[in-house]
1. Would you mind finding the one in C:GLY101, C:GLY134 that is away from chain B (no Cβ under 14 Å) and at pLDDT below 95?
2. Can you name every residue in segment B:88-115 that is among the hydroxyl-bearing types (Ser, Thr, Tyr), outside any helix (DSSP H, G or I) and surrounded by 24 or more Cβ atoms within 10 Å (Cβ to Cβ)?
3. Which one is nearest to B:TRP40 (Cα to Cα) among residues in segment C:75-90 that are open to solvent by 10 Å² or more (accessible area, probe 1.4 Å) and part of a loop (DSSP other than H, G, I, E, B)?
4. Identify, by number, the condition in (1) open to solvent by 40 Å² or more (accessible area, probe 1.4 Å); (2) within 9 Å of another protein chain (Cβ to nearest Cβ); (3) part of a loop (DSSP other than H, G, I, E, B) that C:THR22 doesn't meet.
5. Got a number for residues in segment A:22-42 being at the interface with chain C (Cβ under 10 Å from one of its Cβ atoms) and in contact with a strand residue (DSSP E or B) (Cβ under 6 Å, 6 or more places away or on another chain)?
6. State whether the residues of segment B:277-288 include one that is under 30 Å from B:VAL132 (Cα atoms), open to solvent by 10 Å² or more (accessible area, probe 1.4 Å), part of a loop (DSSP other than H, G, I, E, B) and not assigned by TED's automatic domain parsing to the domain that holds B:GLU142.
7. C:GLY47 - would you say it is surrounded by fewer than 24 Cβ atoms within 10 Å (Cβ to Cβ), more than 14 Å from chain A (Cβ to nearest Cβ), out of contact with any strand residue (DSSP E or B) (no Cβ under 6 Å at 6 or more places or on another chain) and more than 30 Å from A:PRO50 (Cα to Cα)?
8. Would you tally the residues in segment B:320-349 being part of a helix (DSSP H, G or I), of a type in the set (A, V, I, L, M) and farther than 28 Å from B:SER75 by Cα?
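The values are calculated or read from the model by the stated rules, or taken from the named source; none is laboratory data. These figures come from a predicted structure and were not determined experimentally. Counting neighbours? That spans all protein chains shown, and the Cβs are built from the backbone with ideal geometry, glycine included. Heads up: the accessible areas ignore ligands, DNA and RNA and are worked out on the full protein's heavy atoms, side chains in. Shrake-Rupley method; radii C 1.70, N 1.55, O 1.52, S 1.80 Å.
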Amino acid sequence: MGKIKGSIVVNTDRCKGCSLCVVACPKDVIALSDKHVNVNGYPYAVAVRPDDCIGCASCGIVCPDGCISVYKKRMED
Amino acid sequence: MKGNEAIAHAAIRCGCDAYFGYPITPQSEVIETLAELKPWETTGMVVLQAESEVASINMVYGAAGAGKKVFTSSSSPGVALMQEGISYMAGAELPGVFINVQRGGPGLGTIQPSQSDYFQSTRGGGNGDYYVIVLAPSSVQEMADFMDLAFTLAFKYRMPAMILSDGVIGQMMEKVVLPPVKPRRTEEEIKKECPWATFGRTPDRKPNIITSLELQPEVMEIRNQKLLKKYELVKENEVRYETSQCEDADYLFVAFGSAARISEKAMELAREDGLKVGLFRPITLWPFPDKQLEALAKGKKGVLSVEINAGQMVEDVRLATHGTVPVEHFGRLGGIVPDPEEIVNSLKENIKSGRFNG
Amino acid sequence: MKEDIIAPENLVYEKPSLMNDTPMHYCPGCSHGVVHKLVAEVIEEMGMQDKAVGVSPVGCSVFAYRYIDIDWSEAAHGRAPAVATGIKRCWPDRLVFTYQGDGDLACIGTAETIHALNRGENITIIFINNAIYGMTGGQMAPTTLLGQKTVTCPYGRTPELHGYPLKMTEIAATLQGTCYVTRQSVDTVAAIRSAKKAIRKAFEASMQGKGSSLVEITSTCNSGWKLSPVKANEWLREKMFEFYPKGDLKNTIDE
């Protein structure tokens with residue numbers, strides 16, 4: 001049985017840096033960008049521990065602005 | 001039949017889709033007749049008694065925005081409540097018809113007839129720069145005829161149209177020939193006539209949005225200017241009026257609605273007394289037939305604006321004639337309908353006092 | 001490896017396609033965005049894109065029509081249920097819903113709301129209750145909690161000065177015209193899933209002609225509450241749920 005791996009793609013220009021995804025992620029994958037801001041001056045969500053992502057979509061579901069797309073794949077060993 | 005009943009019959013016959021209203025004297029027969037006739041079983045027309053005039057006009061807003069032929073009716077205090085919705089309809093460019101069977105005010109006032117909502121009707125009525133088309137029937141026949149006309153104009157220009165009646169015309173019984181039967185429009189016909197309407201986006205178009213809101217001043221100004229252009233077009237094309245014995249007249253009565261009927265009798269009485277009087281009856285109060293009145297009033301010795309109010313249309317008569325002839329007002333208040341004799345006496349008084357030329 | 005995962009066949013979540021790319025004007029973390037997504041998802045999943053007509057209110061969500069690509073009618077303050085009545089009565093096979101805040105629904109539009117629900121109009125009312133007036137800058141709402149501070153009750157709401165908070169959803173549950181009345185929230189993944197189910201249930205009931213539904217979403221207004229989005233969710237759970245308990249208040253759909 002393979003391991004489930006996930007990955008997220010953040011529409012950083014749409015992100016408002018509200019942090020709700022950071023709190024919702026069960027694996028602490030996401031943090032807000034440290035020094036960089038987007039076109040609207042907001043820090044944005046970044047997958048800082050991408051290898052830990054399980055593709056549960058919690059971040060996408062709680063995101064008020066629909067910025068996060070979530071992918072999930074069963075990896076063969 | 002009564003004027004109010006004629007409205008109900010005419011609405012069903014001209015293919016109206018819905019009525020939303022709230023009872024108020026002296027126009028409750030409109031909804032009562034509709035309820036009695038049960039058009040939902042024949043033409044499929046919706047009839048709904050709302051919780052208030054505010055709700056009624058907003059139901060009209062919703063249904064009109066969805067492309068339907070809908071109307072409401074009320075009397076003065078109720079129409080005052082509707083002004084919010086009418087202003088939104090004007091802003092969102094929605095066609096819809098509303099009927100005001102006027103009674104005296106201010107406030108609760110009286111349930112007796114009046115024409116004291118002239119200012120409100122002809123100056124938009126609610127907030128913002130807008131007008132509504134105002135048709136003033138002076139007979140039960142015209143109550144019936146103006147229903148279809150009001151819808152036609154409302155849809156032609158995408159704006160609210162009003163039938164400004166009063167307690168006399170609404171309650172009066174007269175013979176009437178009802179307008180021919182028109183079927184209600186099909187979905188395809190509505191889609192064609194109202195490509196802007198909100199009844200479900202089809203894959204061939206972008207979503208439609210009905211709104212009067214625009215936060216950008218530059219864009220809002222363009223919207224305002226677009227409305228003004230439309231109003232100019234209405235002024236050019238839709239002025240309606242009637243004249244009687246104006247050609248040889250020395251004096252003119254200007255009157256609309258029930259006051260025009262009484263003035264017609266007064267004109268005859270005056271002529272029996274040797275006073276050559278003509279009658280000018282504006283049928284559209286907005287747009288007001290100002291050019292036509294100006295031309296007719298030229299060289300007359302005096303113009304008497306006869307109204308069942310404290311003097312409202314007289315301002316438009318003065319604007320139209322802009323000082324070229326003496327203009328005075330005669331009116332009764334409190335729900336009292338003037339006698340023809342009183343009108344003739346007022347004319348004589350104006351001549352005697354020198355306000356009118358002898 | 002990341003490249004292997006990010007492929008169309010592996011997509012498990014994205015912004016609903018009915019929600020367009022126009023950036024939403026809401027403050028960061030605002031509940032409105034989540035509820036907008038749910039509405040868009042449900043309409044999409046029901047395949048009602050071409051039959052749905054939304055009625056937006058006056059308040060923060062006045063511009064709801066900019067974000068979800070269906071037909072919308074923008075109502076005067078509080079009149080959305082009357083506008084929806086007009087549309088639904090004339091187009092009975094359309095999916096008609098209103099989206100209203102607490103000022104719109106529970107204050108200026110109380111009459112329109114109660115009467116539309118009581119007539120059993122086959123519409124859904126989505127009620128965003130964040131206990132404050134967001135758009136005009138954080139004034140007291142009819143739903144503001146006792147003791148809660150707003151710019152028009154800066155020392156906290158007191159019954160003597162301001163009266164009591166109004167539980168519109170409880171009132172709605174007593175009306176004969178309603179078939180489904182529920183209070184939900186969107187503060188956690190589980191809550192969001194539950195709220196989505198509620199919206200779907202209500203929309204379906206309206207299409208089956210079962211009467212009116214009211215779906216209250218007890219929400220946050222972090223700007224108005226002067227809290228961070230995360231803290232606002234905590235305050236919601238601590239304070240709001242106590243006075244506005246979650247769950248179904250009425251469900252006669254399956255009877």
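1. It is C:GLY134.
2. The one that is among the hydroxyl-bearing types (Ser, Thr, Tyr), outside any helix (DSSP H, G or I) and surrounded by 24 or more Cβ atoms within 10 Å (Cβ to Cβ): B:SER114.
3. C:ARG79
4. Here C:THR22 meets the rest and fails (2).
5. 1
6. yes
7. Working: surrounded by fewer than 24 Cβ atoms within 10 Å (Cβ to Cβ): yes; more than 14 Å from chain A (Cβ to nearest Cβ): yes; out of contact with any strand residue (DSSP E or B) (no Cβ under 6 Å at 6 or more places or on another chain): yes; more than 30 Å from A:PRO50 (Cα to Cα): yes.
Yes; evaluated as a whole, the condition is true for this residue.
8. Of the residues in segment B:320-349, the ones part of a helix (DSSP H, G or I) are B:320-321, B:340-349.
Checking the rest, the ones that are also of a type in the set (A, V, I, L, M) come to B:320, B:343-344, B:347.
Among the residues that remain, those that are also farther than 28 Å from B:SER75 by Cα are: B:320, B:344, B:347.
Here the count works out to 3.
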